[in-house]
Amino acid sequence: MFKSSSLLLLPLLSLSGDTPKVAHEDGLKLARTFEVSTVRSIDSAVLSLPDQEQDVGSGTERSRTLSLLVEDEILTVADGAPLKFRRGFSTVQSEQDAGEVEGLEVLDSSGSSELEGLGVTFTREAADQEWACEYDDESEGESAWLDELTPGMDLSSILPEGDVGVGDSWEVPVSILGDLLHPGGTVDVVTPEDVDIPEGGIAVVVPKGPKDGGWDSFEGEVVARYDSIDEEDGRRAKIVLTLELSSEMDRAEDLELEAAERGVEEAYSEAKLIRDLSGEVVILWDLIGHHALSAEGTLTGSTQLSAAWTISGPMEIELEYEEEGSVEHEISMEVETTGGDAD
């Protein structure tokens, strides 16, 4: 005996409505508020001179908070992708607490960027082309400041290549680290006052990490997990980024160039910076307005810096520096929209 059975074929439901993406229109304004707070705990920091060793900050903490408020106004789009937009820098400030170290002068780089109050315009020919940047008609500034800027502050590099839904995971480019810790490429260009050097003396500047953070030197894994969709206030996708990264940099050439800018001749035989970072960042994505709404997270890790160099001048001095410690980055971003269909 044969039994007949009926097979019910159901159409597959498209995930495209649940997939986070970027889609803008002319006239849309996105006000982005970033705050990145960094605390470095120095376990040991020792400067070795020919006849002595000097502690230069063991057991201290150094903190820095970068605060940004920028407004992007979308001027031209093609299929939802912006081709031209204006960015106004309302707030670009850095607050630093470098602590105190007996016998040393610690420079304070707190202050506002020269970009604060200015506006720039980013343009490109097509969505797959490189961006160009220039000051808008109402702003003037040094061309070198534009070299420090990048257009991306929308965290779009976390987006998947295809459709995804709740429960899915995918790999994200490691470059997202720079977008989180150095958003928009903006930097504090305030220059500390010159150090007073006694007659016959010499200023020794302790080596440190790169001004731009050197985030592009990190390697490892960044994974995005589609955690859930919240429909209580619109439709918001919750995406959890998990980062496991490390970096090893040779800073010898860069430190020699930085010394030359100070008018000092230094030759480095070693300048190695080793770091690791791990943690989670939670990003909420507007599935209706098609942009990131917020980002919150903490990254922690360890740092090691070892350097050996010679300072040339009236006398030649050989120095060595060893530093070990830990670091914690607190990341916060919020986005508000007006204009277009956002009103």
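Taken together, the values in this text are just the output of simple stated rules run on the coordinates, not laboratory data. Everything quoted here is computed from the prediction, not taken from an experiment. Note that we place each Cβ from the backbone using ideal geometry, even for glycine, and neighbour counts take in every protein chain shown.
The table below gives the values:
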quantity: Percent RCO, i.e. relative contact order, over the stretch 202-343, from Cα pairs under 8 Å lying at least 6 residues apart; calculated: 20 percent
quantity: Bins of 10 Å, starting at 0 and running to the largest distance - Cα pair percent for the chain; calculated: 5, 21, 28, 22, 13, 7, 3, 1, 1, 0, 0
quantity: The stretch 198-343: translational diffusion in µm²/s, Stokes-Einstein, Kirkwood Rh over Cα pairs, 25 °C, 0.890 mPa s; calculated: 131 µm²/s
quantity: The stretch 28-139, Cα convex hull volume normalised per residue, Å³; calculated: 166 Å³
quantity: Residues of type lysines that Lys208 reaches as a straight line, Cα spacing below 20 Å, ignoring anything fewer than 8 places off in the same chain; calculated: Lys272
quantity: Distance in nm between pseudo-label sites at Glu261 and Asp136 (7 Å out along the Cβ direction from Cα); calculated: 2.8 nm
quantity: The chain - percent relative contact order, Cα under 8 Å, separation 6 or more; calculated: 20 percent
quantity: Förster radius 35 Å - calculated FRET efficiency between Ser44 and Ser90, Cβ distance, rounded to 0.05; calculated: 0.30
quantity: Residue of Glu95, Glu232, Glu280 that the Gaussian network model of the chain assigns the largest fluctuation, springs spanning Cα pairs under 10 Å; calculated: Glu232
quantity: Helix-only CD estimate at 222 nm, as mean residue ellipticity for the chain, using -39500 (n - 2.57) per DSSP H run (n ≥ 4); calculated: -1500 deg cm²/dmol
quantity: Backbone N under 17 Å from the Ala23 label point (7 Å along Cα→Cβ), restricted to the stretch 224-250; calculated: 234-237
quantity: Contour minus Cα-Cα distance for Glu296 and Gln52 (0.36 nm per residue); calculated: 83.3 nm
quantity: Cα-projected label distance for Ser109 with Lys272, points at 7 Å along beta-carbon direction, nm; calculated: 2.5 nm
quantity: Charge dipole (debye, nearest 20) of the stretch 80-182; +1 at Cβ of Lys and Arg, -1 at Cβ of Asp and Glu; calculated: 460 debye
